[in-house]
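Below is one structure, written out as structure tokens, with a few remarks after it.
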Amino acid sequence: MLTIPGNSHSPFCDGHSRRDFLRIGGLAMGGLALPQLLQAEQLSGIRKSHKAVIMIYLVGAPPHQDMFDLKMDAPLEIRGPHKPRVTNVPGIEISEHMPYCARIMDKLVPIRTMYGSPSGDHDSFICYTGRPVPNQPPGGWPSLGSTLSKLQGPTDPTIPAFVGLAPKAGHPPYGSPGHPGFLGPTHTAFRPNGPGMEDLKLNGVSLDRLSDRRALLAGFDRFRRDMDSSGVVESLDAFNQEAFNILTSSKLLEALDVSREPAKVRERYGKGDPKNYGDGAPRNCEQFLVARRLVEAGARCVTLNFGRWDFHSNNHSELLTHLPLFDQAMSALVEDLHERGMDKDVAVVAWGEFGRTPQINADAGRDHWPQLGCALLAGGGMRTGQVIGATDRLGGEIAERGVHFGEVFATLYNQLGLDTAQVTLPDLTGRPHYLVDGWQPMKELVG
């Protein structure tokens, strides 16, 4: 491993830091398997764009009946105590605890009939890939962020294409930003969290000293290149270049620094709670602002994990804290994107892995319900101000227009300029795979 000595005793890109900062880990001489690094080469012929996606994983699956699909005509043990409120779009009602989103419903699209999670097991995988966990190809399915990193690359050499604002969580899938699958670690999410944050700083090392070490590394690589007829060493160059670009620019650190925002903007988003909620994620409203700053700086995909919505007990009282925080941060993000003229280019998706049971259990909670769940979309040039899908009288079965996760992914890729009927990616055996499993972009949103 290449270590740059400085005032800090923490290792540069080692241990936990390497996991959180795999791109800076590219400074390592042999730290990653060379076959994995070969996955870094970019596909040719893909149109570059500056479009982006912010994907919000509502950790543990939120209750759709208490957010976007309240059933006031159902029995009390189905509908619960919460009431609906009207929105600024006639005919659409959502939870009374989401007043800010209600005011901007013309900029939103609730989906009431999401499906595709076959088992009802907790896993963020389907939210990040659009596919269920079973029957994966060698290496596993890549997440949307990793796919964009591979196909479109960075818009700015100092800003990673894929950034994951995921915490370390007691239940590992709750802390996932989305995995690279068969695309390899070069396309892992850049994770600016935890102790690895120090590795974004030179810790007393001057740019001249860093340049000396860069020259030393280049010398080693030239020697290895002379000894290597396979061309493998040459694949390290771009990986190392990105790491040095990040280290020698302040742009990424500035994007992560919400203190640079006016107080009025920060107040609109709110602070929330930066501590993990149980074995889930923080209810950190400021991360929505960080996500906006990152896509504005050049990131193509930012994922963030919010709360812990697995309310097997006390569902109604838990919502009194989760919903208002999510409502404030989500509405602030959407309004902010519109005010900055970014709404046509940046799509926002918030969802969990499945829904909750219509029947309220003996502990005042709702259990797992893989039959259907919900999502909230905005931006990306999509047709907003509408609700998609309808459920039966009890909110437990799809009555009209079920929406598979893969359809939303097809829509997002379409808006990002990627033709899901044409573009493929090879797995570790070289077999090509389409970006989605035969799903088409949703005509309601882009037709």
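Where a number appears in this text, it was derived from the coordinates with a stated rule and is not lab data. This one's a predicted model, so the numbers in the text were calculated from it and none came from an experiment. All Cβ positions, even for glycine, are placed from backbone atoms using ideal geometry, and neighbour counts span all protein chains on display.
For the reader, a short list of remarks on this structure follows.
- Rg over Rh [alpha-carbon atoms, Kirkwood Rh] for the range 74-139: 1.13
- Among Gly396, Ala350, Pro324 the positive-end extreme of the charge dipole of the range 310-406 (Cβ point charges): Gly396
- Take each peptide in 110-121, 339-350, 60-71, count the other Cβ atoms within 10 Å of every residue, and average; sorted highest first, the result is 60-71, 110-121, 339-350.
- Using a Förster distance of 35 Å, the FRET efficiency for Asp73-Ala362 (Cβ separation, nearest 0.05): 0.90
- Cβ-placed point charges (K, R +1; D, E -1), dipole of the range 286-445 about Cα centre in debye, nearest 20: 220
- Nitroxide proxy distance, nm - points 7 Å out along Cα→Cβ at Lys344 and Arg85: 3.2
- Magnitude of the charge dipole, the range 270-358, Cβ model with Lys/Arg +1 and Asp/Glu -1, debye to 20: 140
- Ranked by how many other beta carbons lie within 10 Å on average, peptides 413-425, 165-177 from highest: 165-177, 413-425
- Each Lys and Arg contributes +1 and each Asp and Glu -1, all at the Cβ; summed about the Cα centre of the range 366-447, the dipole is approximately 160 debye.
- For the peptides 276-287, 260-271, 307-318, the ranking by packing is 276-287, 307-318, 260-271, with the highest mean count of neighbouring Cβ atoms within 10 Å listed first.
- Residue by residue, the range 434-447 carries 3J(HN,Hα) couplings of 5, 5, 9, 8, x, 6, 10, x, 6, 5, 4, 9, 10, x Hz when phi is fed to the Karplus relation 6.51 cos²θ - 1.76 cosθ + 1.60 (θ = phi - 60°); x denotes Gly or Pro.
- Gain in span if fully extended, Tyr434 to Val446, counting 0.36 nm per residue against the direct Cα distance: 2.3 nm
- Those lysines that a straight Cα-Cα span of less than 27 Å connects to Lys168, excepting residues fewer than 8 apart in one chain: Lys150, Lys201, Lys251, Lys271, Lys275
- Evaluating 6.51 cos²θ - 1.76 cosθ + 1.60 at θ = phi - 60° for every residue in the range 384-391, the Karplus couplings come out as 9, x, 9, 10, 10, x, 9, 10 Hz, glycine and proline recorded as x.
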